[in-house]
């Protein structure tokens, strides 16, 4: 008989074994054996969370399709039920996306802490996916999701305060992933990369603009960032972006539920500034679907580069002078594997995942892009990683004697070995 030492087995084999265990046992026992088993436990929980994407997305698409099939014979109670389901799965999908943006962070070294929190959230998602028709009648959408939202809030707070290591995971990468989770934003994103990756760690450049309207006036101004501690300031900014995106998604879904049930609003009555224009024939849909364009352009080395542009516009009735919300401009030079997958062409993505070439650790990565036209330091094209950000919020002033807006402008320049961040607040009268 051959003696087998589990600790000497390849990670892939250990993951197959540990995957058969109850998630709670993985968390309380396996993850605490040593650093290697902590990595295995983290990978197993990541796989279990990744497996939730398909059922959550399928439920969301089904709930949308059911609303689109409504007829004049549908009873009001059935319509209310269908709208409640759509709102429920919209919020569930949003919470899942934001959790994945933070949890699927393989650069983090605190695998044990991440595994612990991931188990709790995993159980909440699994429980909510078992929700049946009766639950929507007996409970409100908000109360059904309270457990998940509270659990995720604890995860996010722990991540930003105790787990996140800026030395191994720069703030710009996370901020881009969080902004990409916004379900109510308009955007214009252009990502350029080689036509085919030359290595697993091939690079790309992302230029993006995001516009997230605060139609319900629930957005809070960013916190006052410390001027002498750039690491803390970047953590506070990323935590604020996480909260802003998360709650704007929730409030937008709940607001759209109210609009959907108000047929008067759907046909144009009581239409007020700031709300999306409603289509009388399709009151459950707003805005336009995102468009995707790809083009092959010449590059400095003659191999050609792919520019993939994603954009989404929304027709609204808002007046520009009273606009509140968030506007973001950013540019990022980084490894292609660190950006959201949808920003890369499908062929490039597939080739990158299957690439088996050797990575030259000592070879510097060179980025070639246009200079960033915003305040602060200009990007150094010889840096391995660089991120430039201009983040502007307009929040309605809360003072009783003020009719204006508080505008906060944050600019940040970040590389692997340095960072600068500035913040300016001013009152804009209307």
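Taking 0.36 nm per residue of separation and subtracting the current Cα-Cα distance, fully stretching the chain between residue 62 and residue 420 would add 124.3 nm. Taking the fewest neighbouring Cβ atoms within 10 Å as the starting point, the ordered list for 91, 424 is 424, 91. Remark: 201, 193 ranked as 201, 193, counting other beta-carbon atoms within 10 Å and listing the fewest first.
Cβ crowding within 10 Å ranks 141, 292, 392 as 292, 392, 141, fewest other Cβ atoms first.
Quick note: the coordinates plus some simple rules give every number you see, no bench work behind them. Quantities reported herein were computed from a predicted structural model and do not represent experimental measurements. Cβ coordinates were reconstructed from backbone atoms using ideal geometry, including for glycine residues, and neighbour counts include every protein chain displayed.
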